[in-house]
1. Return yes or no: is A:ARG206 out of contact with any Leu (no Cβ under 7 Å at 6 or more places or on another chain) and within 14 Å of chain B (Cβ to nearest Cβ)?
2. For the stretch A:153-164, how many residues are open to solvent by 10 Å² or more (accessible area, probe 1.4 Å) and of a type outside the set (A, V, I, L, M)?
3. Do any strands (runs of 3 or more DSSP E) entirely within the stretch A:548-657 hold 2 or more residues that are open to solvent by 60 Å² or more (accessible area, probe 1.4 Å), and if so, which?
4. Of these, A:VAL691, A:VAL619, which one is touching a helix residue (DSSP H, G or I) at 6+ places or on another chain (Cβ under 8 Å) and either at pLDDT 80 or above or hydroxyl-bearing (Ser, Thr, Tyr) (or both)?
5. Search the stretch A:118-140 for residues being assigned to a strand (DSSP E or B) and open to solvent by less than 20 Å² (accessible area, probe 1.4 Å), and hand back the single one that is nearest to the other protein chains (Cβ to nearest Cβ).
6. Every residue in the stretch A:273-300 that is of a type in the set (Val, Ile, Thr) and within 16 Å of A:GLY494 (Cβ to Cβ), please.
7. Could you say which residue among A:ILE368, A:ILE379 is under 28 Å from the mean Cα position of the chain (by Cα), over 30 Å from A:ILE438 (Cα atoms) and in the same structural domain as A:ALA307 (by TED's automatic domain parsing)?
8. How about the stretch A:640-675: which of its residues are more than 23 Å from B:MET105 (Cβ to Cβ) and either in contact with a Gly (Cβ under 9 Å, 6 or more places away or on another chain) or within 14 Å of another protein chain (Cβ to nearest Cβ) (or both)?
Amino acid sequence: MNRFSKLAVQRRIAALFVAVSVLTLLLLLRLAYLQLWHGDRFLDMALAQRFSPVPLLPDRGTIYDRNMVPLATSISAEAVYAVPVEVEDPVRTAHELAPLLDVDADWLLSRLEQNVRTVWLRLKVDPETARAVRARALPGIYITERPQRFYPHGKLAANVLGFAGIDNQGLEGLEAYYENVLKGTEGMLVRERDATGRSIPDGLERRIEPTDGLDIVLTVDHVIQYIVERELERGVLESQAEMGIFVAVDPKTGDILAMATYPSFDPNHFSDYPPELWKNRAVTDQFEPGSTFKVITGSVALEVGAATLASTYVDPVRLERWGGVVNCWRAGGHGEQTFVEALENSCNPVFAVMSADEIGPARFYEYIRAFGFGGRLGIDFPGEGTGLVPRPTPNPSLQWANVGFGQGIAVTPLQMAMAVAAIANGGTLYKPRLVKEIRTKDGDIVEARAPEIIRQVLSRQTAQEFISAMRSVVANGSGTRADVPGYRVAGKTGTAQIPEHGRYIDLNMATFVGFAPADDPAIVGVVMLYKVHAQPSWGGTWAAPVFGRVVEEALEYMGIPRRYETPEPVPKEKVVIPNIRNLPAEEAEERLAAAGLKVAHEGYGSYALDVIPVPGTVVDKGTTVLLVFHEEELPEPTIVTVPDVTGLSMRDAAFALQEKGLRIRIQGTGVATSQFPAPGERTPSGSVVEVQFSSPGTSAP
Amino acid sequence: MIMSNRTSQKTHSVVAPHVGTGRVRRKQRRVHEALLMAGCAVALLALALVYVGQRTYIMTLAYKADALNQSVADALREREFLQLRIAQAHSLAHVEQVATGKLGMVRPEATQYVVLDETARIASSEPATPAPEKPRGFIAIAVDWVAQHWPRLETAEAGGERR
């Protein structure tokens, strides 16, 4: 028994030895297999786990305005993303996360149910929100940190700045144009890490520092930009236009002080807006300029000696020449008028003759090109439009007669602004400048860009003469509403027809080009209100006041003092007929009555077209003057109920009133807090509803 | 010889204890060696433990430092975010909204102020050789003063007519 058991034990030991040996052999074979056949792969994997390189992302350059106010900046912020397959209960997760991320639960649920590996739920999350999301510890929901682009002023200058995408790459506007300057160079950190991903102290480390992107300093002034955007919005909504553009330029340097398009978008949430709103139409789009182009025709006529300020013209009302007809916009015409009066009256036949006959197509073409039309000005912005200038015909033609008053030619708002700036500064065409400096994060200037002259287009004397004519347009002509007491505004109105599919449509583009102060211009502006639905859709009615309001605030901000003109002494019992062109009917009548004049009416309308005798004429006190209205169609005798617009944004309030056939007059900014007439009142369609706006939750002052 | 025997006996008698002592010494040496080895081993172990302990401590400190660095990074990020909030609060749209809505401020009217040059007016109105003044009543002086100043005061009032 004892012997048996001893043998059994020995056998068991032997068996165990064999088993262990076999096992060891197998392990050795496995080890050899792994080492010899797959050693390199596993070595790589082990190294990758221990030394996985982490990219060191550079800081994207900041974009500043001309006063070093940041308009676009990058900070390292957190973003929430989901791995849909790991989300256990999408419905519950969506409902828990939606209030934290301030997004719609249904939208969130649709994201969580997508069949993708990862999906972004919210970018640019503030630290409190990130903490709240972390605290929930929802399965499949993660937070990552990454440098992200912020635009602290929201929509301000959005069409100029453009935006950077999720991966911090410039996609639109200046962000795209200066991508190579702003983005910097990525670095890398290789550091030994343990299994949990933590850095091992005294472990191996290799670091390649990133190079931060360079900062850009713009010529844009954020205060003027804000004024421009606010007034442009008001102008678009009041005129019931579909779109508006404003370009403000410093005529002495070619610096772009402001450039705005309305409606615009918020670059912080660019994907919430349709792509057509991302465009900077002031640079990329081209339009028929209409009567504002008469400043080019008129100044060239003076330059080549085809006209003087004292030249006289007789308005033929209907000019049948060059195989076609050019009509004066005013029924009955303007009679005999001087060069300046023709500009004040914006008389088409006069400028048609000036272009086709007196200057001549070939010569006029050269000057038009010299003003920068028909080619790129070289602004540092993507997608600059060239405009369209017809080739000159050997003989005077209807096409070139039309060019004289701004038809049959296409220009970009930027080209128009730079051309007017050339007149304002004494005849020098500057290259538009949007970026003033490129500098490092430490403030060292890498590149300073000086103003660049393209060419001298007009002589200083011609420019000075023409400026006086443009001043007269505002003082005595159609640009009344652009005038600002003490700031001597000079300009020209335009009401351009809009061509679509080969013919002009019923809607117009109300425009104004001008500058101030006329004797020492500090700011040039171009206003375009596209497809104005309100009637009358004149530039002097809608675009000129936008310009006036912008210029008044901008010049005050720039510290330019007002200088009041001393009126000519008028003999006793005599009065000067005030300029009431394009004013609302009631205001025009008030001004005439205040001057001691009696008023007779011709036509019907809500805005004064003209007064006879013309403004500036000295007459006896008590004289009856004829107040002429545009031939507006009498509105349908419909009575509408005034809708309640309180609590609505400017845009929504304007649309709500427009739907009822009512007009809006805007006071203040923010949301609508009160209105007159009150909601529910019955009023004729076409009436003006005055709406007071202020910030939400507060009463109007 | 006897001496020698004695000597040898003596020697024997001496040798025997000597041999015993040697064993003891060897034993003692071995013990000493063992003790030394043990001591060395203990010392080595202690050193190893100290080293491991130090390494562990350093590692713990390093991890703490890493965590603190992360906190610093978080704080810096939060500071950046707050700076962004400040920039957003400085945006003119926000400032105007607060000014008009919260503080009840209104846009200023374009008021024309006329600065009255009092010294020039007085100098021009003073006669070259002042005539002796007749004594006048208070009402007459007040009427004169109002007649002189009223139009100017009217022009200088805030909210005067725009030109």
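The values are calculated or read from the model by the stated rules, or taken from the named source; none is laboratory data. Note that the structure is predicted; figures quoted are calculated from it, not measured. Cβ sites come from the backbone with ideal geometry, for glycine too, and all protein chains shown count toward neighbours. Calculation scope for accessible area: heavy atoms of the full protein, side chains included, ligands and nucleic acids excluded. Shrake-Rupley method; radii C 1.70, N 1.55, O 1.52, S 1.80 Å.
1. Values: out of contact with any Leu (no Cβ under 7 Å at 6 or more places or on another chain): yes; within 14 Å of chain B (Cβ to nearest Cβ): no.
Against the criterion (out of contact with any Leu (no Cβ under 7 Å at 6 or more places or on another chain) and within 14 Å of chain B (Cβ to nearest Cβ)), A:ARG206 does not qualify.
2. Taking the stretch A:153-164 and keeping what is open to solvent by 10 Å² or more (accessible area, probe 1.4 Å), we get A:153-156.
Now narrow it down to the ones that are of a type outside the set (A, V, I, L, M): A:153-155.
Residues flagged as open to solvent by 10 Å² or more (accessible area, probe 1.4 Å) and of a type outside the set (A, V, I, L, M) within the stretch A:153-164 amount to 3.
3. Working: elements: A:574-576, A:598-602, A:608-612, A:618-620, A:624-629, A:639-641.
Fully inside the stretch A:548-657 and qualifying: A:574-576, A:598-602, A:618-620.
4. Values: A:VAL619 fails: touching a helix residue (DSSP H, G or I) at 6+ places or on another chain (Cβ under 8 Å).
Checking each option against the conditions leaves just A:VAL691.
5. From the stretch A:118-140, those assigned to a strand (DSSP E or B) are A:119-125; that's our starting set.
Within this subset, residues satisfying the condition of being open to solvent by less than 20 Å² (accessible area, probe 1.4 Å) are A:119, A:121, A:125.
Numbers: A:VAL119: 24, A:LEU121: 19, A:VAL125: 10 Å.
The selected residue is A:VAL125.
6. Filtering the stretch A:273-300 for residues of a type in the set (Val, Ile, Thr) gives A:283-284, A:292, A:295-297, A:300.
A:THR292, A:VAL295, A:ILE296, A:THR297 - these are the residues of the stretch A:273-300 that are of a type in the set (Val, Ile, Thr) and within 16 Å of A:GLY494 (Cβ to Cβ).
7. Details: A:ILE379 fails: over 30 Å from A:ILE438 (Cα atoms).
Every option except A:ILE368 fails the conditions.
8. Within the stretch A:640-675, A:VAL640, A:THR641, A:VAL642, A:PRO643, A:ASP644, A:GLY661, A:LEU662, A:ARG663 qualify.
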